[in-house]
Structure formats: structure tokens, C-alpha cells
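Below: the structure, in C-alpha cells.
The values are calculated or read from the model by the stated rules, or taken from the named source; none is laboratory data. Please read all numbers here as calculations on a predicted model, not as lab measurements. Here the Cβ positions follow ideal geometry from the backbone for every residue, glycine too, while neighbour counts run over all protein chains shown. The area values use the complete protein model at the heavy-atom level, side chains included, leaving out ligands, DNA and RNA. Shrake-Rupley method; radii C 1.70, N 1.55, O 1.52, S 1.80 Å.
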Amino acid sequence: QVQLVESGGGLVQPGGSLRLSCAASGSIFRIYTMGWYRQAPGQQRELVATITTGDNTNYADSVKGRFTISRDNTKNTVSLQMNSLKPEDTAVYYCNANIRRTAWGATNDYWGQGTQVTVSS
């Protein structure tokens, strides 16, 4: 089994900062691209940021310059530093990882349970 566990969500005022973290555990051979997605009420889940094993990053236009994604391959973790938060950033944030569980197995996408981020005064 593989588990992704997120932490760090909460309530913050506009202009504030939050840091989300996600740890992958279980039967893991290798982790490839990791990322964060979010889903606001009544909206589809959307990409926030991704990071490859070589630390190449990709961001949604709406968060560029405000959010920073990073990973620690020794700990199987991925983090999202969110600065200058806006009310429109309010959503449930999901961690995602593309994981190969055995040397000969296929890769699959795994998701965390989600963590709520609310930006409000």
C-alpha cells in the first residue's frame, strides 16, 4: 500500500502565508513527478504546481510568483510554500505523486486525502 498524507492547511488572512507538506509512505520503489492540485467548491480539480525528480517545476499561471513547490527525495516529501494568499486560493489542496511500487511494476498516480485552505478576513 501507498499513502500520501498532507498537513499544513488552515485559515489565513489575505496576504498571509501557509506551507503545505505531503509525505509518501508504504511500499515504494521510486517516486517520479509530485505535485499539488486544488478544488474549490463547485469547481473542477486543477493543477497548482508540479515538480519532477530533476526539480523541474511547473506552476499554474494564477500562482506563479506566489507559490513555491519543493521536494525532499530522501524523505519522500513534497511541500508547497504559499505566499501572498488571496481569497480565490481557497480550496481543498491535494497532494499527488506518480509512484512505481516495484522495480518491474507500472507507475500509478496516488492522491492524498486533501487539506482545506481558507483565505478570508
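The residues of the chain expose on average 53 square angstrom of accessible surface per residue, using a 1.4 Å probe on protein heavy atoms. In this label model, Arg100 and Gln116 are separated by 3.9 nm, measuring between points 7 Å along each Cα→Cβ vector.
The listed residues Lys64, Lys75 rank as Lys75, Lys64 when sorted by accessible area, largest first, using a 1.4 Å probe.
Does anything in region 14-37 have its amide N under 14 Å from the 7 Å Cα→Cβ label point of Thr53, and if so which residues? Residues passing the 14 Å test: 28-34. When only alpha carbons are used to place a centre, region 30-66 and region 80-101 end up 7 Å from one another.
Rg and Dmax of the chain, both derived from C-alpha coordinates alone, stand at 14.2, 51 Å.
Taken over region 1-58, the alpha-carbon convex hull comes to 123 cubic angstrom per residue. Structural descriptor for the chain: relative contact order 36 percent, calculated from alpha carbon pairs under 8 angstrom and at least 6 residues apart. Relative protection proxy for 50-60, 27-37, from highest mean packing down: 27-37, 50-60 (other beta-carbon atoms within 10 angstrom). The listed peptides 102-109, 65-72, 79-86, ordered by packing as a protection proxy, come out as 79-86, 65-72, 102-109 (highest mean of other Cβ atoms within 10 Å first). Normalised by 2.2 N^0.38 Å, with N the number of residues, the alpha-carbon radius of gyration of region 71-121 equals 1.51.
A Stokes-Einstein calculation at 25 °C with viscosity 0.890 mPa s, built on the Kirkwood radius of region 49-93 over Cα pairs, returns a diffusion coefficient of 214 µm²/s. Overall, the accessible surface of region 1-97 at a probe of 1.4 angstrom is composed of carbon and sulfur to the extent of 44 percent.
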